[in-house]
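The values are calculated or read from the model by the stated rules, or taken from the named source; none is laboratory data. Nothing here was measured: the structure is a model prediction, and the numbers come from that model. All Cβ positions, even for glycine, are placed from backbone atoms using ideal geometry, and neighbour counts span all protein chains on display.
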Amino acid sequence: MSTGTPLTESAGVAAPAGNLAILQEPGSLAAFWRRLAARRSALIGLAIVVALVATAALADLVAPYDPTATDWGAVRAAPSLAHPFGGDEVGRDVLSRIIYGARASLGAGLVSVGLAVALGLPIGLVAGYAGGWIDAAIMRLTDALLAIPFLILAIALAAFLGPSLTNAMLAIGLSATSTFVRLTRAQVRAVAAEEFVEAARSVGNPPWRIALVHILPNIVPAILVQATLTIAAAIIAEASLSFLGLGQQPPEPSWGAMLNVAKNFMDQAPWMAIWPGLSIFLAVLAFNLLGDGLRDALDPRQRT
Amino acid sequence: MLRFLAHRLALAVPTLVLASMIIFALQQLLPGDVATALTGEERDPEVIAFIREKYHLDQPLPVRYAYWAGGVLQGDLGVSVRLQKPVAELVLEKLPVTLELACLAMLVALAIGVPMGILSAVRRGTWLDAAANGVALWGLSVPNFWLGILLILLFSVHLGWLPASGYVPPGEGLIDNLKAMAMPAFVLGNAIAAVMMRHTRAAMLGVLGSDYVRTARAKGVSPLRLVLRHALPNAAIPIITLGALEFGQLLSGAVLTEQVFSVPGFGKLMVDAVFNRDFATVQGVVICTAATYIALNLAADVLSAVVNPKLRRA
Amino acid sequence: MSRPLLDVRDLRVTFDTEGGAVHAVNGVSYTLNEGETLGVVGESGSGKSVHVLAMLGLIPRPPGRIDGGQVLFRGRDLLALPERALRRVRGGEIGFVFQDPMSSLNPGMTVAAQIAEPLRIHLGLDRRAARARARELLDLVRIPNAAARLDQYPHEFSGGQRQRVMIAIGLACRPKLLIADEATTALDVTVQAEIIALVQELKRELGMAIIWITHDLGVVAGISDTVQVMYAGRILERGPVDDIFRDPRNAYTLGLLRSLPDLSGGRAGRRRLQQIDGSPPDMRRPPPGDPFAPRNAYATARCWAEMPPLVQAEGAAPGHLVAAWYDLPARLAEERAR
């Protein structure tokens, strides 16, 4: 790292750890929160995430209208007091659909990434810890999966599974799995080489115990960062699939599906396109901010 | 250099084979009878029989894969039931369009991302750096199909400067071709620009903090020469390698961009095929995408070997 | 007496980190004459490297900043020079040789291009002349078959040869002052001896002044006229090399000397090697008094409270300066008497 160069010159007389070492205790949870809290952008991201989750959870209370109820008086109606975000092509309230759409977007983000972690973590743990031909086989498989670009794999999976929100989540989750396998494996191998794991092994701990008790807790932070950033990607992917008609099916609301319809009414009802797009942007931005903040807080050395 | 190439090639081949197996196995996900599903809306028993015969559907999966892979190796990607055309022909027809879009988008991404990354690394910690990072965050977070819609709203609907959709082959007028491609290329390049900016910034920061850059500064080298002669060539290797990986993202993004702007490329072919339940075409497009992606990675490895003298002589 | 080549006055350097400001250099003052060789000794974080880097504007800013002081080089204050003028000094009048020649040479440039660079910048040589001169310089630093090696890359050279290339770069424009920052640390002992011999030879030929920065007091003994011991961003002792070795006045210098294996086989040779216990102070909160006091068995109450000034040591050779409230020779005599 550039900034450290003049201060961390090589071996001194008594070779002390150097004054900067105190700033880099990565294991301390309190220090981690302090560093996270010191990053305003991460806090903004966290605040937006919390607000979005609350909106999705409390949609029934917050939304002014039934998101699927049509009102002929509000067809492509411009934003007004009655309909702050306007009305859509069949007179549904855009605001209510945005609010309920948060469920599809956040749900897809969380469920698909949850699936990817649930699959990827154990597989990666096995690959990294077992080594040998098991590891080689798993790695070749993830290589092959990663050779198919994420969204294209998700579209293909969704196409073969059939269009529905559940299948879209499944497709996105499966497409994201190999990333977590790779990450877990790399982390496991790095941690397994550490001395405390060697020590645990030498006192006769069985492999599963070493993997779960000694290795797993140490790789959680890296997985957490990747999961947060992948949620951002998954939200875009869900919106993309829904935009293409492969995700949430009408009349149920989803931001991506709303945009798909909106593009046909751009000149008459631009608000139909602006709000759902802005919502996707905000949600993705929030998870990206949070993920970047988590990464920086976890590894101050990489921070520049 | 040759040994290095052979090694890389030896790794790429099994990856491609495995990827093709996965893609082939996708049809097992189809609900119900595969032959009926493959024919889509066609219910003609004759067509179904033809499909059953064509794909050897009476045989077990590994045998069917062998037939299919054998065909793929000979350039036979199957037949599009819907369009009544060989898939390979369709792919070859659409490929140049997507390739043009992808190259233009990469150009946009490099033209925006690399200078921005260099500037923010050189001026680290200043408002310029913060602004560049903000732009990158925007680029990473804005869904490109939405950006496309907004641009159409502005440049086509309101200003009327650019066509909202369609494609003009370069042979029929380069200016019209570029006018039609301008918005799609920008939209597609936007997200990649953000990624390239981050890669460039990280690579440049690493190099700018290196001992040999300090040596160069101690020689009295000017800041411009420091960046262009000492830092950038050494930062180029990670930028090239990571940039090549972004081609996958580019192909993913092309699917949506082509959909928004009705550009008749690869991605549009795939999406149309999905809706027509034209699964042979979907498989064909995906396997071509995977092959392209693997080839690009190989090319990136070779390119970085050319740039790096240490690898070159090894 | 003539004006000194280099006159450092109360130099202060700070690094801003997330954990607070690290005071790396805390008021360093000294002079260096033309042709003099100064050995600067200290452990990591003593400020010995940072202070020379700061003189030439080579510390990264931010997080580094220069809080005060003057560095007069041939009468001009380097700290007040605009960047453009400072660039003319760097690599021209002042040459640099860095630690770890593996990472300090650009892996993507030929050796010829790297040696030619300062020649083209400072002397305005054209490509061909610079190349010819680069060849001469490789000869000068005793790299055999120089002509054939000009177009090779650093990874094709051995560690010792790379350090020779670094020296060639440092000497390219015949500097008045050569600064060597841990120039032999990364090398094994025999190569280290070769490099030191080479530098001494080149000094006789070219007559430049040298600042030799190292953590190894043994290296300093062989090469310097003057020794300067630094700790926690301050000079604790400074003087003629013989006098410092024979009659150290600061407990830290004594500790360094005692941790040195004595190869002469004299009386001290039978003594056990000693290590200095403890670690340097946290430079984000420098102690009010003598920074070495917490590790110093001879420290007095005053040492903890107040920083001693750097003054002429009583009864020592002229120019032998020390910062200590205690009288080390007296205390050592007491110890021996007991």
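If you take the residues in segment B:269-280 that are closer than 24 Å to B:P169 by Cα and crowded, with 24+ Cβ neighbours inside 10 Å, which one is farthest from the chain's Cα centre (by Cα)? Ranking the qualifying residues of segment B:269-280, first place goes to B:A273.
Rundown of residues vs (1) in contact with a Leu (Cβ under 8 Å, 6 or more places away or on another chain); (2) crowded, with 21+ Cβ neighbours inside 10 Å; (3) away from every other protein chain (no Cβ under 14 Å), yes/no style:
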| site | (1), (2), (3) |
| --- | --- |
| A:A78 | no, no, yes |
| A:P84 | yes, no, yes |
| A:G87 | no, yes, yes |
| A:R92 | no, yes, yes |
| A:A102 | yes, yes, yes |
| A:V111 | no, no, yes |
| A:V126 | no, no, yes |
| A:A147 | yes, yes, no |
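Cβ-Cβ contacts under 8 Å between residues 6 or more apart (or on different chains), taken from a first residue in segment A:30-52 that is under 24 Å from A:A102 (Cα atoms) to a second residue that is part of a helix (DSSP H, G or I) and modelled with pLDDT under 85, are listed as A:A42/A:L36; A:A42/A:D296; A:A42/A:A297; A:L43/A:L36; A:L43/A:A37. Do we have any residue at all in segment C:81-92 that's more than 10 Å from chain B (Cβ to nearest Cβ), hydrophobic (A, V, I, L, M, F, W, C) and over 30 Å from C:T190 (Cβ atoms)? For segment C:81-92, residues more than 10 Å from chain B (Cβ to nearest Cβ), hydrophobic (A, V, I, L, M, F, W, C) and over 30 Å from C:T190 (Cβ atoms): present. How about segment C:164-196: which of its residues are modelled with pLDDT of 85 or more and within 14 Å of chain A (Cβ to nearest Cβ)? Passing the criteria: C:I179, C:A180, C:D181.
At least 3 residues being buried (at least 18 other Cβ atoms within 10 Å of the Cβ) is the threshold, and among the helices (runs of 4 or more DSSP H) wholly inside segment C:145-247 those reaching it are C:159-171, C:189-206, C:217-223, C:241-246.
For every residue, the table says whether it meets (1) more than 17 Å from C:H51 (Cβ to Cβ); (2) among the small types (G, A, S); (3) within 14 Å of chain A (Cβ to nearest Cβ); (4) over 14 Å from the mean Cα position of the chain (by Cα).
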position: C:R9; (1), (2), (3), (4): no, no, no, yes
position: C:R12; (1), (2), (3), (4): no, no, no, yes
position: C:T17; (1), (2), (3), (4): yes, no, yes, yes
position: C:A21; (1), (2), (3), (4): no, yes, yes, yes
position: C:G27; (1), (2), (3), (4): no, yes, no, yes
position: C:Y30; (1), (2), (3), (4): no, no, no, no
position: C:G35; (1), (2), (3), (4): yes, yes, no, yes
position: C:L38; (1), (2), (3), (4): no, no, no, no
position: C:V41; (1), (2), (3), (4): no, no, yes, no
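Residues of segment C:214-253 that are over 17 Å from the mean Cα position of the chain (by Cα) and closer than 25 Å to C:H23 by Cβ: C:R249, C:N250, C:A251, C:Y252. Where helices (runs of 4 or more DSSP H) fall wholly inside segment A:214-304, the ranges with 2 or more residues that are surrounded by fewer than 21 Cβ atoms within 10 Å (Cβ to Cβ) and more than 13 Å from chain B (Cβ to nearest Cβ) are A:216-244. Restricting the first member to segment B:12-29 and to residues that are under 12 Å from A:I148 (Cα atoms) and facing another protein chain (nearest Cβ under 7 Å), and the second to residues that are among the acidic types (D, E) and surrounded by 16 or more Cβ atoms within 10 Å (Cβ to Cβ), the beta-carbon pairs closer than 7 Å and six or more apart or on different chains are B:T15/A:D143. Exactly one residue among A:L115, A:L121, A:L145, A:L157 is under 30 Å from A:A63 (Cβ atoms), touching a residue at least 12 places away in the same chain (Cβ under 8 Å) and assigned to a helix (DSSP H, G or I), and that residue is A:L115. Checked against (1) within 14 Å of chain A (Cβ to nearest Cβ); (2) farther than 13 Å from B:A193 by Cβ; (3) assigned to a helix (DSSP H, G or I), B:R82 meets all criteria but (3). The requirement of being facing another protein chain (nearest Cβ under 7 Å), over 22 Å from the mean Cα position of the chain (by Cα) and within 24 Å of C:P281 (Cβ to Cβ) is satisfied by C:P62. Within segment B:190-204, the residues that satisfy the criterion of being within 14 Å of chain A (Cβ to nearest Cβ) and among the small types (G, A, S) are B:A191, B:A194, B:A202, B:A203.
Please determine whether any residue of segment A:194-213 is of a type in the set (D, E), away from chain B (no Cβ under 14 Å) and part of a helix (DSSP H, G or I). Checking segment A:194-213: at least one residue is of a type in the set (D, E), away from chain B (no Cβ under 14 Å) and part of a helix (DSSP H, G or I). Which is buried (at least 21 other Cβ atoms within 10 Å of the Cβ), farther than 23 Å from B:A236 by Cα and without any contact (Cβ under 8 Å) to a residue 12 or more places away in the chain, of B:S80, B:S141? The match here is B:S141. When each of B:V157, B:V213, B:V187, B:V207 is tested for being among the hydrophobic types (A, V, I, L, M, F, W, C), closer than 19 Å to A:M266 by Cα and within 11 Å of chain A (Cβ to nearest Cβ), the lone residue that passes is B:V157. Scanning segment B:255-270 for residues being at the interface with chain A (Cβ under 9 Å from one of its Cβ atoms) and among the hydrophobic types (A, V, I, L, M, F, W, C) gives a total of 4. Does at least one position in segment B:211-221 carry a residue that is within 23 Å of the chain's Cα centre (by Cα) and on the phi > 0 side of the Ramachandran plot? No, there is no match, as no residue in segment B:211-221 is within 23 Å of the chain's Cα centre (by Cα) and on the phi > 0 side of the Ramachandran plot. Contact map, segment C:306-333: residues that are on the phi < 0 side of the Ramachandran plot paired with residues that are of a type in the set (K, R), Cβ distance under 6 Å, separation 6+ or inter-chain. Pairs shown: C:A313/C:R249; C:L321/C:R238; C:V322/C:R249; C:W325/C:R302; C:L328/C:R249.
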